[in-house]
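Heads up, the thing below is written out as structure tokens.
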Amino acid sequence: MNVRPPPAVDALDADGGIVRLRPIAPDDLEALITRHERCAASDLRYRFFGSGRGALAIEAGRLISLNETGEGAALPVEDEGRLLGAASFAPVPDHPDRAEFGVLVVPDHQHRGLGTLMLEHLASAAAAAWIRELSGQVLAVNLQMLRLAKRLVPGIATPYQGGVADLVVETDFDETLAEEVAERERASERISLRPLLDPASVAVVGASRSGKGIGARILRSIVDGGFTGPVYPIHPEASGRRTWSSLAEAPKPVDLVVVAVPAPAVAEVLREAGAAWVRGAVVISSGFAENAGGVGVVAADAAQAAGLEVQALSEHARRHIAQGVSREAATDNPVDLGAAAGREAFGEALAFLGASREVDAKLAVVAATGASDVEANLTAIARALDALPGLPAVVVLDASTDLGARRIPVFDFPETAVAALGRAAAYARWSTSPLGKRPQLQGIDRHRAHGIVERLLEDGNEWQTVAEAAAILKCYGIPLALTATVSSKSRAVAAARDLGYPVAVKADAPGLVHKSEAGAVRLDLRSPREVRAAFKQVAAIAKGDKRAAVVLQPMLETELELTAGIVHDPRFGSLVPEIAELDLNPLSNVNLRLARIGDEPDPIARRLR
């Protein structure tokens, strides 16, 4: 048997912490022996039915050999490089669909659900090797393992004999067990996010003595906002409350650290947070070279999808922008002026970029922070963009309004703002594309066609009969399939004979627009009996329309049926709907385009599926 061990993965334990599961490797030998030696005698007895320590090296070597030979699978679980447990299975001789498994977790970590994680991953590897069952013998006093098995295989009896329980874990998880595994994962995810979204204690790194700056404002917002847990200012000169010079000196535990220091100092603060076992961090710092803040990165990604290009700014432009902002600001495209940027910085940057001609459009994102004056920034943005009437611009702000004398559109999210710019750019390209030449067609009688249309409109007839439509089409040299109007079953059969089978029977009823949906179109009729039945059905449907009749036409063979027309939309003007195939359902193969038709190189049909 050649068993492939499960791949290395990161997983969440029951406490929401991140652990690593991976195949055991030869380099793990010493750690495996040490791990077994750390276990209490009772744990070793539960695992090996004995407490002798002489066989620990043998057991560690066996675990390593399982992965090397492919005769089974073994994996450890580790946290920050520390080995906390191991699990394995080896096939039962003469029973290729069964394997024996074993699980061991070191003391002080047996509450974290590590055994469950390892056994789930073992079951996945066993199922891939066509092993249907994992079996093991557990001492009846090993209540932790018995509870684990009961969670994994609820409802399966556990027989006891001589103080030993026989456990069987099926590797083919049913829907109930799969949902239980998914719920465990969701619970772990919720717990892992609690320090970030619902912390019990918070440390703020970067609160200045002056009470100014981002760090001090964040500290004040946390306290004034009603947070009831302990708050630890980390700064040697912070005032107004007890302070600590580092996270290492702050009381434990700290769930969340808010980092408000210059970008070069962030990495060191995060290292201190890790060493102090802080479980979550929020970084509020400008000046990182990777893509100028989250919103700017999102907008840049959306631009590519919208067919827009976010080009790098020139060295001259970057130096000019840098003169009016803090040194942590990102001055390349996308530009991040920093959380504390004021109206002067916004107005100057927008005015300069508009005059530089390095960009064709602008997107301004306004974020409300404790260090910014949103209203003043919006006034500056509106003034700067109003002075650039020829430059397309949008603004992102959590408000439903427009901005400035130009009524610059304001969007809630950068993706929708960029999508709007992309549409505007596409329209600009389309509107400046060559119109082409109107073809000079021979034999066109527009005067007669206009006369027919005017007469029909005067009579209140917006929809035409077949004869009326044929008369209009004839003025433009468009041929119509042979059509016979009939008034009885016998005349319908005679017309079908003259046209040649197969034929179509249709209601010529102007008031009935969607004839196919109403059952007033019968196709591919191949006998007099079918024609008579179709005439009866269609005539009954058309009854009541004074202008209605029943018509027959021969079936035509073609690879593509196309319906084209003109729709006058009050917002977009005249539109040409191009509909392929006979199904006129609006959700079928429809292409709408603005009415600019000339001698274009691509035929209409190419734009349809």
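The values are calculated or read from the model by the stated rules, or taken from the named source; none is laboratory data. Just so it is clear, the model here is predicted, and its values are computed rather than measured. Quick reminder, even Gly has a Cβ in these numbers, built from the backbone with ideal geometry, and neighbours come from all protein chains shown. The protein model used for the area step is the full one, side chains on, heavy atoms only, and it has no ligands, DNA or RNA in it. Shrake-Rupley method; radii C 1.70, N 1.55, O 1.52, S 1.80 Å.
What the table shows:
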{"quantity": "Extended-chain gain in nm, criterion 0.36 nm per residue less alpha-carbon gap, VAL359 and THR432", "calculated": "24.4 nm"}
{"quantity": "Efficiency of FRET between LEU388 and ALA368 - r from beta-carbon atoms, R0 25 angstrom, step 0.05", "calculated": "0.50"}
{"quantity": "Computed FRET value (nearest 0.05) for SER246 with SER314, which takes r as the C-beta separation and R₀ as 41 Å", "calculated": "0.45"}
{"quantity": "Residues with amide H under 5 Å from that of ILE408, placed H, sequence gap 5 or more", "calculated": "LEU403"}
{"quantity": "Estimated FRET transfer efficiency (ASP545, LEU441; beta-carbon r; R0 41 Å; 0.05)", "calculated": "0.75"}
{"quantity": "1.4 Å probe accessible area per residue over the stretch 436-579, in Å²", "calculated": "68"}
{"quantity": "Surface/4 of the Cα convex hull for the stretch 364-482, nm²", "calculated": "13.7"}
{"quantity": "Local electrostatic count, ASP27, Cβ distance below 13 Å [Lys/Arg +1, Asp/Glu -1]", "calculated": "-3"}
{"quantity": "Where a label projected 7 Å from the Cα of ARG62 along Cα→Cβ would reach, residues of the stretch 77-93 with amide N under 16 Å", "calculated": "86-93"}
{"quantity": "Of all accessible heavy-atom area on the stretch 355-474, the percent that carbon and sulfur account for (1.4 Å)", "calculated": "54"}
{"quantity": "Full-extension gain in nm, ALA420 to THR485, via 0.36 nm per residue minus C-alpha separation", "calculated": "18.2 nm"}
